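The values are calculated or read from the model by the stated rules, or taken from the named source; none is laboratory data. In this text, all values refer to a predicted model and were calculated from it rather than measured experimentally. Note: ideal-geometry Cβ built from the backbone for every residue, glycine included; neighbour counts use all protein chains shown. SASA here: full protein model, heavy atoms, side chains in, ligands and nucleic acids out. Shrake-Rupley method; radii C 1.70, N 1.55, O 1.52, S 1.80 Å.
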Amino acid sequence: MRKKIFPIIVVIIGIICFLEGDFGDFITLVLLVTGVTLIYRGIKGRKVQKKEEMPLLSPEKEDYYREAGMTDSEIDLFRETMNQSKNQIVQLQNNIKNNAKLKAIDLRHDMLKAAKALFKELVKEPTRLPEASQFLYTHLPNIVDLTDNYIEINNHEVKSKEVYGKLEESAQIIDQMAALVVKDYQQFVSNDLEDMDVEISIAKRNIEKDPDLSKQFSE
């Protein structure tokens, strides 16, 4: 109500100023009101941002980053990126939970599981942040936006044939993005899998060299 009344008051004051020949004062008033409005919006915006502030950096975590050889700027970048990604993963999880189609896509690819797993790997190895840039800055934000839009359109009470077509097209793109998220995780841990393959290969050779072990595993 206040938003509607306030412009009317300004217009009335402007007309009075114009009739009395004080139109210059009216321009000053408009500039003043505009300035106050911008300041108010800035303060209001800061209040909203406070809700998404990062948690305080614990001494243990700081020591962990320092031991990894990270600089102050690298620590700040890592924490800001991970905080944003955490919020995005939570949003993705909520979207999946609230929609049957998205649940089906997630079951087919395990995209949410892969996203969480990659997040945990980065927490353990913060210096590898650049290796996950595709996931952090492209694939994860995109799939969150896509699922947000999908749910918003799907919640429309009346859907036309065109809307159903858009939903189907969106679901197909989400399916493709889900596969990319899983691929991001697989690529990130590929070195670990290669190391495991080497270890398994060495273990097999050692077993083959030991007659007793070889006999035991063949029984």
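Per-residue packing, averaged as other Cβ atoms within 10 Å, sorts the ranges 105-113, 150-158 into the order 105-113, 150-158, beginning with the highest.
A simple count of charges around Tyr65, restricted to other residues whose Cβ falls under 15 Å of its Cβ and scoring Lys, Arg +1 and Asp, Glu -1, yields -4.
Each of Tyr64 and Val123 was given a label point 7 Å from its Cα along the Cα-to-Cβ line. The distance between the two points is 0.7 nm. Using only the Cα atoms of the range 66-109, build the gyration tensor, take square roots of its eigenvalues as a ≥ b ≥ c, and label the shape rounded, prolate or oblate: rounded if a/c is under 1.5, else prolate if a/b is larger than b/c, else oblate. Prolate shape, in that a/c is at least 1.5 and a/b is the bigger ratio. Going by accessible surface with a 1.4 Å probe and the largest first, Thr138, Thr127, Thr81 read Thr127, Thr138, Thr81. In order along the range 150-165, phi translates into HN-Hα couplings of 4, 5, 4, 5, 5, 7, 4, 5, 10, 10, 8, 4, 5, 5, 4, x Hz, rounded to whole numbers, per the Karplus curve 6.51 cos²θ - 1.76 cosθ + 1.60 with θ = phi - 60° and x for Gly and Pro. Note that the range 95-158 presents 56 Å² accessible area per residue, ligands and nucleic acids not counted, probe 1.4 Å.
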